1. How would you rank 126-138, 62-74, 82-94, highest first, on the average number of other Cβ atoms within 10 Å across their residues?
2. From the backbone phi of the stretch 119-126, what are the Karplus-calculated ³J(HN,Hα) couplings (6.51 cos²θ - 1.76 cosθ + 1.60, θ = phi - 60°) in whole Hz, Gly and Pro given as x?
3. Taking θ as phi - 60°, what are the ³J(HN,Hα) couplings along the stretch 11-28 by the Karplus curve (6.51, -1.76, 1.60), each to the nearest whole Hz, with x for Gly and Pro?
4. Run the helix sum for the chain: -39,500 (n - 2.57) per DSSP H stretch of 4+ residues, divided by residue count, reported at 222 nm to the nearest 500 deg cm²/dmol.
5. Give the carbon-plus-sulfur fraction of the accessible surface of the stretch 39-155 in %, rounded to a whole number; probe 1.4 Å, heavy atoms of protein chains only.
6. When the Karplus curve 6.51 cos²θ - 1.76 cosθ + 1.60 is applied with θ = phi - 60°, which whole-Hz ³J(HN,Hα) does each residue of the stretch 74-79 get, with x for Gly and Pro?
7. Here are labelled values, [x] 16.5; [y] 15.6; [z] 18.0, and one is the computed Kirkwood radius over Cα pairs in Å for what I pasted. Which one?
Amino acid sequence: MFPASGAWRAEILFAETGGDMGQFATAHHLASWIGVCPGQNESAGVNKSGRTRHGNTHLKRVLGVAALAAIRSRDTYLAVFFRRISARRGGKRALVAVMHKIAIAVWHVLHDHVPYLELGADYFTRRDPARAMRRMLKEANTLGLTIRFEPVATA
């Protein structure tokens, strides 16, 4: 069906966008044009359908395949992000969130001419260590255990 390498994704991306990100004011404009931005339809405090837009079906398909490949690797930022969102919102919404993240990263790589920077699987732990400790404490308490945190002595 598709070639074994990932080069076809880049070819479709360049074919559909032209490779010039100047036509998109922000990364979110690109995500909206592709159709992977979250929908927001609220009226009088009632949230209605949050379906995504139709957008560019070719790029949406490419981003879907890229997102599926990204979440299958266990030690990447996108895989951890997918697991965090899917625990709260479900797998399909989390997949669209990962597609949105990839679209934003593509815009920054092509617009700013910078390489992609992988944040790592421990990004969320490094960003907010107190939250990670609270989560571990809560999980241990549900198992009937107690935890004591002590700083590691560096030599």
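The values are calculated or read from the model by the stated rules, or taken from the named source; none is laboratory data. Everything quoted here is computed from the prediction, not taken from an experiment. Positions of Cβ are backbone-derived with ideal geometry, glycine not excepted, and every protein chain shown enters the neighbour counts. Surface areas here come from the heavy atoms of the whole protein model, side chains and all, with no ligands, DNA or RNA. Shrake-Rupley method; radii C 1.70, N 1.55, O 1.52, S 1.80 Å.
1. Details: 126-138: 11.3, 62-74: 16.8, 82-94: 13.8.
Put in order of decreasing packing, that is 62-74, 82-94, 126-138.
2. The phi angles translate into 6, x, 5, 9, 4, 5, 5, 5 Hz.
3. Couplings: 4, 5, 4, 5, 5, 7, 9, x, x, 9, 8, x, 6, 10, 4, 9, 5, 6 Hz.
4. On the way: 7 runs with 89 residues, N = 155.
That comes out to -18000 deg cm²/dmol.
5. That fraction is 56 percent.
6. 7, 10, 10, 4, 5, 5
7. Identified label for the calculated read-out: [z].
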